[in-house]
Structure formats: C-alpha cells, structure tokens
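Visitor: Please find one structure pasted underneath; my questions will follow.
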Ligand SMILES: Cc1ncc(COP(=O)(O)O)c(C=O)c1O
C-alpha cells in the first residue's frame, strides 16, 4: 500500500508478525482494545521534535530564543500536562486554550494570546492571569485592549501582529500575510506605524515585540526572510527598537512521498542572518527570537486508525472503501484538498490491486480521506492507519451528523494514557 514508514511516528517498528507498532504497541491490538476511530500520539516524536526545534533555533541565532507551540494544531488537557514539562511556550487563541494551558501546568509567563477577534472576556482573563504577551491583531483591538488594561489597572505586555504583504506558495486558506489577509495589522496606509506610535504614547500598552505569521505548510525560505526584514524596517521607520521578534510558525511537513521537503534549520539560519545583519546595521541589540511551530512538532506524532465498513465498486470501477471516521475527525482533505497515505494493518503481505477511494462515513460527497490509492481487497473490520494525523485534525473536529469524537491515546514504551476519552452520546449535554 502507498505509505512509507517514515511518515509514521519516530518510535515505529514492525513486530515478529509484521504488524506496525508504535512505542512497542501493536496498532491492531490497540484498535481491538480501544475501538475505532482511534487516534494515537507518540511521546518520543513530540519530545524529539520539541528538542530539535529548541536546538535548531538556539544554534542558528546568536541572541536569546524560544519555541512556542501553536496549540491550535492539537491541544487537550492531557497533552497540556505533557507539553508544560518541555521548555515550550504556548501560542493560545481562545479562553478555552488558555484555561487548558493553566490547568495543564503552563506558567502564565510562557503563554501568548493570539487571534484575530479576541473577546473582552479573553483579554480580561489574559491580563488577570498575567500571560507573557497579548498579540494584538488590529488597531481596533489595540484600543479595546488599552481600555480593558486601564479599567483593570494593569499594563498589557504586547506584540503587534504585522501583515507585511508577503505571498506564500501554499493553499490560499492557509496564507496569512498577503495584503488581503484577515490577520494582522497591514503596513499599508501607515496602519502598522500608527499602531506602534499609539503604543509608545500609551500608559497601558507595553510594546515589547513585533510578530508575523506568513502561513502554514510553507516550503520556501524567501518569504520568511522578506517578512522578518520588513518587520525590522517598519521598526526602524517608527524609531522603535523591538526586544522580541517572531516570524510565527508554518514550517512545512511532507504527508506523502511526492510532497516537497522543508528544512527548518536552513530557514532559521536565513532569518537569523537577516536579523543579525539588520541589527548590526542599525546598531541595535539582538531581539529575542520566538518561533511558533505547531504542525512540525505534532503532525508526525499522530496516527488515525479506522475500521473498514461498507465496500463497493462505483459505476466507474473505483473501489469505494468506507471508514468509520472521516471529515468530522479530519476536515483537512475537505477544507484544503490535503493528501495522505494509508496502510492496511494486520495483513502486511496483502497485495494492492484495486484503484480505491478511502471515504468517510459522513453525509457529504467531499468526505473522502484519500480520493485515490491502491488497496488490496479489504473486508469489514479490517483496520486502516493514516499517518501524519497529529495536526489540525482533532483540533478542528466536529460532531457532524451527531457522531461522537474518537478516543485519543498517548503512547510511551510499555504505557498508554488517555489524552481524550472516546465521546459518547451520553457525554454531550446538548444532545440530551
Ligand atoms: C500566529 C500563528 N503562529 C503559529 C501557527 C502555527 O502554524 P503551523 O502549525 O503551520 O506551524 C499559526 C497557525 O495558524 C498561527 O496562526
């Protein structure tokens, strides 16, 4: 079948009977024990990726640096408890993510609040908890925050999210720094300059840094370098010396053999050189560099395991294999036409012979996890694993068709822990 084990978590191996195992756990056995759809996260992959990110940025950059995990990629209380032990900061975008971070053991001083439309309640909570930075997304929000900070008598430590008008070659739905973006404060018509001036003259706003996030699944270095230089040129024009600077996240990861590859080390070296160059020219101290990968840390750690249900041949001969999950636990193919590989579990020698589609169980024609793949003959009850399932799947999941969400496990050598228990109809208050 069309998958390569390099897309499975780092701790993946085959056992004596040829079954795929992660952290020593046979995925077929887990599916039998816990039911499907089942998501697993590999501890070793998350810890290794986190440490690699911290090491890469600190060795590329001569100044102080930090890595902030973008919770939107996937977050739960169980995961928060693990991540809060790993020297990570956290990029949260809602009251819910902040509450989970707080309960999961994150220090307020490691949390940043992002988002393009924060509520007054969220700003209030962020100031009250004393998080490190609020990342302001618009001039309107800047004024709102100034009012909330004044009412609370607490000075807000902030970054401004700037939209430098940089185009990135990625799906339009995950571009975020082009001129028409809904995110950030545009450079056009002096809006970004005005925001900096407003901070300088405010008693309640402490502007410590500038931020941009150019998009997700980015495979190109140049837009990162252009965006970071534009932040510094903006600061120069505003006669403002940032203490912190952030190029966001967006580091591309391959989901299939034929996908592009991206080396974050090269990108980090390129942006570090750009910041160091500019600061030398301006005779500024180096700002602290904060990077915000989400997908790069968590995507490969996750595997989704489904059971095969109904199978049929369509009128044009396509072998249609329906799984017990789909767009409600993984909306990415329907949203962005994302492509995946898959693997039949438990029958390692089965020969792919049919041109097939792996479709979901939800009532939408767009509910196709993989629209074309070669599959062996499969039967009801067979298990199919989709690797690279850790990012932007469960975090964007829904109860479409009123189907409960899957169980999620954390796997370590010889240990399983529940990150999210399988939802049941009885768990969901508004159904009852
Ligand atoms: C501000 C910000 N930082 C970081 C990220 C993480 O992006 P990725 O998961 O592609 O690394 C996002 C994602 O949308 C974001 O909006």
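Computed from the coordinates by the stated procedures, all read-outs in this text should not be read as laboratory data. Please read these numbers as outputs of a predicted model, since none were measured by experiment. Here the Cβ positions follow ideal geometry from the backbone for every residue, glycine too, while neighbour counts run over all protein chains shown.
Visitor: Treat the count of other C-beta atoms within 10 Å as a stand-in for reagent exposure and order 72, 103 from fewest to most.
Guide: Numbers: 72 21, 103 12.
Fewest-to-most ranking of 72, 103: 103, 72.
Visitor: Also, I was wondering about something else. For the chain, compute Rg over Rh where Rg is the Cα radius of gyration and Rh is the Kirkwood radius from the inverse mean 1/r over Cα pairs.
Guide: Values: Rg = 22.8 Å, Rh = 22.8 Å.
Taking Rh as the inverse mean 1/r over Cα pairs, Rg/Rh reads 1.00.
Visitor: What nm distance separates the two modelled labels at residue 337 and residue 182, each placed 7 Å from Cα along Cα→Cβ?
Guide: Using points 7 Å along Cα→Cβ, the separation is 2.1 nm.
Visitor: Given points 7 Å out from each Cα along the Cα-Cβ axis, report the residue 399 to residue 116 separation in nanometres with one decimal.
Guide: According to this spin-label approximation, the distance is 2.8 nm.
Visitor: By its C-alpha gyration tensor, with a ≥ b ≥ c as the square roots of the eigenvalues, how is region 341-432 shaped: rounded for a/c under 1.5, else prolate for a/b larger than b/c, else oblate? It would help to have the intermediate numbers written out before the result.
Guide: Working: a/c = 2.19, a/b = 1.36, b/c = 1.61.
It comes out oblate by the Cα gyration axes.
Visitor: Right, another one. Roughly how many whole Å is it from the C-alpha centroid of region 127-203 to that of region 352-389?
Guide: A separation of 43 Å, based on Cα centres.
Visitor: How big is D for region 5-77, in µm² s⁻¹ as a whole number, if Stokes-Einstein is applied with the Kirkwood radius of its Cα pairs at 25 °C and 0.890 mPa s? Present the calculation step by step, with values, prior to reporting the outcome.
Guide: Details: Rh = 14.7 Å.
For the chosen part, D equals 167 µm²/s.
Visitor: For a protection proxy built on the mean count of beta-carbon atoms within 10 angstrom, sort 347-353, 60-66, 402-408 highest first, please.
Guide: Values: 347-353: 12.1, 60-66: 17.7, 402-408: 19.7.
Ranked from most to least packed, the peptides come out as 402-408, 60-66, 347-353.
Visitor: For a paramagnetic label modelled at 7 Å from the Cα of residue 379 toward its Cβ, which residues of region 311-348 fall within the zone defined by backbone nitrogen distances under 15 Å?
Guide: The answer is 311, 345-348, whose backbone nitrogens lie closer than 15 Å to the label point.
Visitor: What is the P(r) of region 270-377, as percent of Cα-Cα pairs per 5 Å bin from 0?
Guide: The percentages, shortest bin first, are 2, 10, 16, 17, 13, 8, 5, 5, 5, 6, 6, 4, 2, 1.
Visitor: Any idea how far the Cα center of region 248-311 sits from the one of region 222-243, in Å?
Guide: Between the Cα centres of region 248-311 and region 222-243 lies a distance of 20 Å.
Visitor: With labels modelled as points extended 7 Å from the Cα through the Cβ direction, what inter-label distance (nm, one decimal) is found for residue 259 paired with residue 424?
Guide: Each label point is offset 7 Å from its Cα along the Cβ direction, giving 3.6 nm.
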